[in-house]
Amino acid sequence: MEVNDGQLRGVDWASEKHDVLIEDPAGQELLAETLVHDEDGVSALCAALVCFDVEVVAIERPDGLLVDRLLEAGVRVLALHPNQVKAARDRFRASGGKSDQLDRFVLCELARTTAIASGCWSPSQTTPRRCERWSGPGGLGRCSAGPGGFALWRLLRSMGIACDVVAPSLVAVRAGDRVRTDRRDAKKLVTLYRGGLLRFLAPPTPETEGLRDLLRGRDDIRCARTAARQRISKELLRHALIFGEGKKSWTKPHLAWVHRQRLGDPLAHAALEQMLIHLDGIDRQLATLDARLEQIARDARWGWQVDRLRAFRALHTLTALGLIAELGDFARFGHPRELASWLGITPSEYSSGEQQHRGDITKSGNRQARRLLVQAARHYRHAPRRPGRAGTQRPCVASADPTVPATAPSRPAGQALHRRDRRRRPRTGGVPLGRDDRATRARGDPRRLSNPTPPDRRSGDRR
C-alpha cells in the first residue's frame, strides 16, 4: 500500500512492552501491534518508522532508551505528560476504563493536533543538545540552586552559555503569593533578573567541592563517634558502673577501664561488646581519614593556603582545610564585612528612625564555616603560651613551597587579640569575633589567601 507523507504514531510506553499505533494524516490506521521492550523490539520499532515514513511519535516518557533510539532514527518525539493523556481519554471512549490500546490511540490522536505537536523534540535536540538553541552570542541562562548540585551549571558553561546560579533564600517572595509552580518560578526569575533584584552564588570548582564533601563526611563520622560514645556511657551508667580514676572521659585510662568492665547479664555484656566494636571501627575510620587529609594539606594545590591559615592561632590543618573548602575563593570578598555577612556573624538589626535595635547574629550564612571560625576564635580568650617555656613552643609551619622556609608563627597578633577579648568579653555567650588592625597587619590580610605567590618579606608581612 502506498503511504502518504507525514505519518503519525502513538506509543503507549511500558517497562516490558510497547503498544504501537501508526495512522496517516486522515486518521486511517496503518499498523497496530505490541512489541517487547528489548534490543530486537526497539530495532523493529525503528524499522517500522522507516517503512511508514513516520514524522512524529507521541509517547508518555521524556527520556530513556526508546526516546534516544527514536531521536537517532531521525523522528520527532512528542513527550506528553500522563495527565494530558488522562484528560483526553473521555473524548475517545464510550465507557469508563483504561487499556493500552486506548492509550496508544489517544496518543496518536494528540499527535495530530498542531498545537501540541509544535513542542516536539527534533532529532538534533538530544539530551545534552536540547540547550544548543540557547548557546552562541547572547546566550543567557538563570537557574535556581537545588539538590542536584552544580551539574547543570557546569553543563551549560561547557556549552558556552552564560549561566548564573541564584540562591533560593534570596529570591523575593510577594506577600500573599501561595501558588508555586516551576513555570511561575521560571517567569519570576526572568522578571527579577531584568530588574536587577537577584543575588548570584559563586559555584565551587569540582576540586573544592570534592574537598568539601570529604570534610563534611569526616564531620558526620565525628558525630557518629560522639553518639557511639554516649551509648556506651549510658549503658555502663544503667549498670551502676562509673569511672572514678580520672576527671576526663575517653582518654587512654578511661578506654582501658571501659574494656575491663564485665556486665552481669550475658546479653547485656554482648550488647556492650558490639558497641565497643562499633566505636573501634569509627576510630579507625577517623584515623585513616585524618591521615589522608594531612596528605591533602601538604599537596601543592592546597598547601600554600593551609600554610597561611595555620599562621593564625587555633587554626590547624583540619580547620584550615575546612575553611578553604567552605569559603572557596577568598578573593570574591572585597572587604572583611562582606565575609562576616556571608558567614552570618553580623548582628541582626531592627531599626526605625533614630531608634536602633540590634540582636543576635543573623546565622544566615554557611553553617559549617561559621562553626569552624567561632570555635577557632574562642581560643583567643586564653592567654597565648610563652615561647620561652619548655614544651610550649608551637611547632613551625611547614610550607608547601620549597622556596619558602618553614617559619614559626609570631605571637604579637595572638597577644593583641587576647587583650582585646579580655577588655570586651561579653557577659553572655556570644561570638568572640572582632577586627583588629594590628593583628591583621601582623598575620597578613586573609584576602591574600587567593594569591598563590609567597608574601614579600621586605614589606614586613609575616606568614
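The values are calculated or read from the model by the stated rules, or taken from the named source; none is laboratory data. Owing to the predicted nature of the structure, the values given are computational and were not obtained by experimental measurement. With ideal geometry, Cβ positions are generated from the backbone for all residues, glycine too; neighbour counts draw on all protein chains shown.
Taking segment 255-288 as the search range and keeping residues that are closer than 30 Å to LEU373 by Cβ and buried (at least 17 other Cβ atoms within 10 Å of the Cβ), which one is farthest from the chain's Cα centre (by Cα)?
Pass one, segment 255-288, residues closer than 30 Å to LEU373 by Cβ: 279, 282-288.
Keeping just the survivors that are buried (at least 17 other Cβ atoms within 10 Å of the Cβ) gives 279, 282.
Details: LEU279: 29, ILE282: 25 Å.
Checked segment 255-288; the qualifying residue farthest from the chain's Cα centre (by Cα) is LEU279.
Provide a single number: the residues in segment 276-303 that are more than 28 Å from ALA228 (Cβ to Cβ) and either without any contact (Cβ under 8 Å) to a residue 24 or more places away in the chain or in a helix (DSSP H, G or I) (or both).
The qualifying residues number 1.
Tally up the residues in segment 210-232 that are surrounded by 16 or more Cβ atoms within 10 Å (Cβ to Cβ) and either over 17 Å from ILE282 (Cα atoms) or free of Cβ contacts under 8 Å to residues at least 24 places away in the same chain (or both), please.
2
Just one of (1) crowded, with 19+ Cβ neighbours inside 10 Å; (2) of a type in the set (Gly, Ala, Ser); (3) within 23 Å of LEU214 (Cα to Cα) trips up ALA311, so point out which.
(3)
Going through segment 233-252 one residue at a time, which ones are surrounded by 10 or more Cβ atoms within 10 Å (Cβ to Cβ) and among the small types (Gly, Ala, Ser)?
Matches in segment 233-252: SER233, GLY246, SER249.
Mind listing whichever residues of segment 202-231 are in contact with a helix residue (DSSP H, G or I) (Cβ under 9 Å, 6 or more places away or on another chain) and among the hydrophobic types (A, V, I, L, M, F, W, C)?
Answer for segment 202-231, where residues must be in contact with a helix residue (DSSP H, G or I) (Cβ under 9 Å, 6 or more places away or on another chain) and among the hydrophobic types (A, V, I, L, M, F, W, C): ALA202, LEU211, LEU214, LEU215, ILE221, ALA224, ALA228.
Anything in segment 304-358 that is farther than 19 Å from THR205 by Cβ, acidic (Asp, Glu) and outside any loop (DSSP other than H, G, I, E, B)? List them, or say none.
ASP307, GLU338, GLU349
Only residues that are of a type outside the set (Gly, Ala, Ser), under 19 Å from ILE282 (Cβ atoms) and touching a helix residue (DSSP H, G or I) at 6+ places or on another chain (Cβ under 9 Å): list them for segment 233-254, please. Step through it out loud before you land on a result.
Let us first name the residues in segment 233-254 that are of a type outside the set (Gly, Ala, Ser), namely 234-239, 241-243, 245, 247-248, 250-254.
Checking the rest, the ones that are also under 19 Å from ILE282 (Cβ atoms) come to 234-236, 250-252, 254.
Listed by number, the residues that qualify are GLU235, LEU236, TRP250.
Restrict the check to segment 12-19 and report whether at least one residue is modelled with pLDDT of 70 or more and part of a helix (DSSP H, G or I). Talk me through it step by step, then tell me what you get.
Restricting attention to segment 12-19, the residues satisfying the condition of being modelled with pLDDT of 70 or more are 17, 19.
Now restrict to residues that are part of a helix (DSSP H, G or I): none.
No: zero hits.
How many residues are not hydrophobic (A, V, I, L, M, F, W, C) and not in a helix (DSSP H, G or I) if we restrict to segment 197-246? Lay out the reasoning, then the answer.
Here is the first cut: in segment 197-246, the residues not hydrophobic (A, V, I, L, M, F, W, C) are 199, 203-210, 212-213, 216-220, 222, 225-226, 229-231, 233-235, 238-239, 244-246.
Then drop every residue that is not not in a helix (DSSP H, G or I), which leaves 199, 203-205, 239, 244-246.
Residues flagged as not hydrophobic (A, V, I, L, M, F, W, C) and not in a helix (DSSP H, G or I) within segment 197-246 amount to 8.
Go through segment 170-189 and give me each residue that's more than 23 Å from the chain's Cα centre (by Cα), loosely packed, with under 10 Cβ neighbours inside 10 Å and part of a helix (DSSP H, G or I).
Within segment 170-189, just ARG183 meets the criteria.
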